[in-house]
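Some notes on the structure that comes next.
Coordinate-derived values only; no laboratory data. All figures in this text were calculated on a predicted structure; none of them were measured in a lab. Cβ atoms come from the backbone with ideal geometry, glycine included; neighbour counts cover every protein chain shown.
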Amino acid sequence: MAVENAIPCQPSSLEKILTKTLLFDIDETLLGNSMDTFLPSYLKALARHLSPYIPPDKMVPQLLAATRLMEENNLPDCTLEKVFSAGFYPALGYRQEDLAGTLADFYENVFPTLVNVAEFRPEAAQVIDSVLAEGYQIAIATNPLFPRRAVEHRLAWAGLPVERYPFKILTSYENFHFAKPNPAYYAEILAQLGWPDGPIVMVGDDPERDIIPARRLGLATFHVNSTPVAVQGNPAHGMGSLLDLLDWLKATPSELQLPDFNTPQVTLFTLRTTPAVFDTWCADLTPERWSLQSQPPAWSPVEIVCHLRDVDIEVNLPRLKKIISTPNPFIPGSDSDRWAEERKYIHQNGRQALNSFTTARMEMISIMEKLSTAEWELPARHAIFGPTRLIEIVEITGAHDRLHVEQLRTELAIH
């Protein structure tokens, strides 16, 4: 390489395979399960199960309050499970480990009885079987406010057991940091998939939680409802029954199903998501694995994280501040690849590097969230690219992130 972030960083020769990706909501999409009916039954069952420890009149309000905290979370270094735990257990006088066994028993043995509240939809398996046969990869994009076991049960109720269907991702509170309707939730799914190239479509029933935020991320969508509706307006956004999805996918050109990531808001969601997905993937890495190069000379996890940390601190943040504060400034190029060897990244502490990267990244985001439309168009003169604008510089940072997300995913053999 290597003089600028827009060019793939050492030592990557990653060649992504073109994939077709579908994101499926569960409730009222693959499974008839209205939250207006399900949630009261769920809360009643859970309150009864925990009643030997917590009075229901205290447990239910605190659970709902902790759930709201998950919905509002925007921190990329705190999973929804951690958010929930901090907002639920201490307020009731317990530690998470005090009730872990009881809650595991609930989700294993009591939660399955709620199947009687749900409605099986035979067309769900038909659709999933058909799109898998067409070569699509599937992510289950249910609101990640429940543990994984609860997601698995609901898929089984829909006739889609995880033992039989090769879903790439199930979103749950253990492995996600953002929830619907935050578009960063959809960015986190794509990041965990390695930012796939090719068509991507979100399929769901809820306009506010499924369709609108996915569109804000630049994704094509298919709005599932009970009555087939002819597609009107933008052909990248379909409507109809779940079965209508199959015809819509065939009738809609692939290029109209491609995501559009080239907007300031999408770039912000991308930048927030990178430290979040690194937090998930690196949570259990040993010091030895942090510094292991599984495919030398490819960078180890700690080298990737240190690279992103130093680029944010020494390149991206100064550029951002300079363009905002200086009329049409000159922006020098940067050869940051050589830092990995010069600064001996491989011997640094991976967790500390990730914490520092997250701090720098959140500072960048806090600045960019305040920018006006006019400020995104502020000009600069780049040593390599020539005349440019702030939005173009930031889009380069987003593309640079996506490269290194895929690089770490490959390094850790995440499939």
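Quick notes on this structure:
- For residue 119, the residues whose modelled amide H falls within less than 5 Å of its own, excluding neighbours fewer than 5 places apart on the same chain, are 32, 33.
- Of 313, 189, 138, the residue with the greatest mean-square motion in the GNM of the chain, using alpha carbon springs below 10 Å, is 313.
- The string of couplings for the stretch 368-374 from the Karplus curve (6.51, -1.76, 1.60, θ = phi - 60°) is 5, 5, 8, 6, 7, 4, 5 Hz, one whole number per residue in order, with x for Gly and Pro.
- Taken along the Cα-to-beta-carbon direction at a fixed 7 Å, the label points for residue 288 and residue 341 span 2.7 nm.
- Relative contact order for the chain, counting Cα pairs under 8 Å that sit 6 or more residues apart, in percent: 19 percent
- The stretch 172-220 shape via C-alpha gyration tensor axes, a/c threshold 1.5: oblate
- Computed about its Cα centre, the charge dipole of the chain is approximately 540 debye, with only Lys, Arg, Asp and Glu carrying charge at their Cβ.
- The Cα center of the stretch 331-347 and the Cα center of the stretch 255-318 differ in position by 15 Å.
- Tensor-based shape of the stretch 122-277 (alpha-carbon gyration tensor, a/c under 1.5 rounded, otherwise prolate or oblate): oblate
- In the chain, the DSSP-assigned H stretches of four residues or longer account for a calculated mean residue ellipticity at 222 nm of -14000 deg cm²/dmol, using -39500 (n - 2.57) per stretch and the full residue count as denominator.
- Only one residue of 31, 396, 94 has its Cα farthest out toward the positive end of the dipole of the chain, where Lys and Arg carry +1 and Asp and Glu -1 on Cβ, and that residue is 94.
- Here the chain is treated as a sphere whose radius is the Kirkwood value from Cα pairs; by Stokes-Einstein at 20 °C and 1.002 mPa s it diffuses with a coefficient of 94 µm²/s.
- Selection from 184, 383, 243 lying farthest towards where the dipole of the chain points positive, charges on Cβ: 383
- With the convex hull constructed from alpha-carbon coordinates only, the stretch 35-116 shows a mean projected area of 5.8 nm² over all directions.
- Linear extension gain, residue 322 paired with residue 363, 0.36 nm per residue minus alpha-carbon span: 13.3 nm
- Antiparallel bridge percentage (DSSP; both residues within the chain; nearest 5): 20 percent
- Amide H contacts of residue 137 (H built 1.01 Å from N, in plane; Pro and chain starts excluded): 20, 21, 22 sit under 5 Å, all sequence-distant by 5 or more or on other chains.
- Karplus-derived 3J(HN,Hα), 6.51/-1.76/1.60, for each residue of the stretch 129-136, Hz, glycine and proline x: 4, 5, 6, 5, 5, 7, x, 6
- Whole-Hz ³J(HN,Hα) from phi, Karplus 6.51 cos²θ - 1.76 cosθ + 1.60, for the stretch 110-123, glycine and proline x: 9, 3, x, 5, 6, 4, 5, 7, 8, 10, 5, 10, x, 5
- Shape category assigned to the stretch 234-366 from the gyration tensor of Cα positions, a/c cut at 1.5: oblate
- Max mean-square fluctuation residue, GNM over the chain, Cα-Cα springs under 10 Å, options 246, 268, 354: 246
- Highest GNM mean-square fluctuation among 60, 302, 151, for the chain modelled with Cα contacts below 10 Å: 60.
- For residue 331, the amide hydrogen comes within under 5 Å of the amide hydrogens of 381, 382, 383, counting only partners 5 or more places away or on other chains and with H modelled in the peptide plane.
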